[in-house]
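Below is one structure, written out as structure tokens; comments come after it.
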Amino acid sequence: MNEHNFPYESFIGGWYIPENICDEIVKYFNEQKQKGNTGPGVVGSYKSESVKDSVKVSEDCSISSNNFDYPLNEYREYLQSCLIKYTNRYDKINELTHFNINSDYNIQFYNKGEGFKIYHCERGGSKRSLSKVLAFMTYLNNVDDGGTEFFYQKITSPAKKGLTLIWPSDWTHTHKGQISYTKEKIIITGWYTFDE
């Protein structure tokens, strides 16, 4: 599993998972779309979730944290390997209370010109978001102009197929997506939250 070399002090980790897993997740998304199991992407959290085109435009497929059907089971195994590498690199995180993928996560598809348009962080202040420890995201296709901009780190990660990022959920890692006007973009993303 090759590593993408982000600076140590950025607290952003990046590793590549196999491209065939990405292809299988894209196929899974398309199957769910045909079944009517996708919908407009929402922003906010818990009861205040809503569609806000000025903030985010996407088509999302929500995945239960307990769904280990193929290919999600394979993805979760590779993601766990990435998490272990992350927690080995930043080992003080192991002193925290145990955390896991305890909530639904998403496959998000963006047409040309769509994306998460504004800077934001994953721990936005609602009671539900306070349990978020780390965010994860895997790019499922190559998009030359469709990476992710991290505001304080002055880093733009490339949207390279298979690249899986893990980073802290707090305001220190405020970020937004680059909006590609040349290609569609698809990712899978979610959070590690404290166990309750």
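Listing 9, 31 from fewest to most neighbouring C-beta atoms within 10 Å gives 9, 31.
So how much slack lies between residue 118 and residue 88, counting 0.36 nm per residue of separation and subtracting their Cα-Cα distance, in nm?
Numbers: separation 30, 0.36 × 30 = 10.80 nm, distance 3.15 nm.
Taking residue 118 through residue 88 to full extension adds about 7.6 nm, to one decimal.
How much length is gained on full extension from residue 179 to residue 37, taking 0.36 nm per residue of separation minus their Cα-Cα distance? Before the final figure, lay out each step's value.
Numbers: separation 142, 0.36 × 142 = 51.12 nm, distance 2.47 nm.
My answer for the length gained is 48.6 nm.
Multiplying the residue separation of residue 103 and residue 151 by 0.36 nm and removing their Cα-Cα distance gives an extension gain of 14.7 nm.
Over 26 Å between Cα atoms, which of 27/132; 56/160; 27/154 qualify?
Working: 27/132 29 Å; 56/160 21 Å; 27/154 34 Å.
As for pairs spanning more than 26 Å Cα to Cα, those are 27/132; 27/154.
The residues 16, 181, 86, when put in order of fewest to most other Cβ atoms within 10 Å, stand as 181, 16, 86.
Which of 19, 95, 24 has the fewest other C-beta atoms within 10 Å, and how do the rest follow up to the most? It would help to have the intermediate numbers written out before the result.
Details: 19 14, 95 6, 24 17.
Fewest to most other Cβ atoms nearby, the residues stand as 95, 19, 24.
Pick the calculated P(r) over Cα pairs in 10 Å bins from 0, in percent for this structure from (1) 8, 28, 26, 24, 13, 2; (2) 8, 22, 18, 17, 15, 11, 6, 2, 0; (3) 9, 38, 41, 12, 0? After the calculation, the listed value that fits is (3).
Taking the mean number of other Cβ atoms within 10 Å as a proxy for protection, how do you rank 147-156, 34-43 from highest to lowest? Could the numbers behind the result be given before it?
Numbers: 147-156: 16.5, 34-43: 14.0.
Ranking the peptides 147-156, 34-43 by packing returns 147-156, 34-43.
Since every read-out is calculated from the coordinates, none of them should be taken as a lab result. Since we're looking at a predicted model, the values are computed, not measured. A quick note on method: Cβ atoms are made from the backbone with ideal geometry, for glycine too, and the neighbour counts reach across all protein chains shown.
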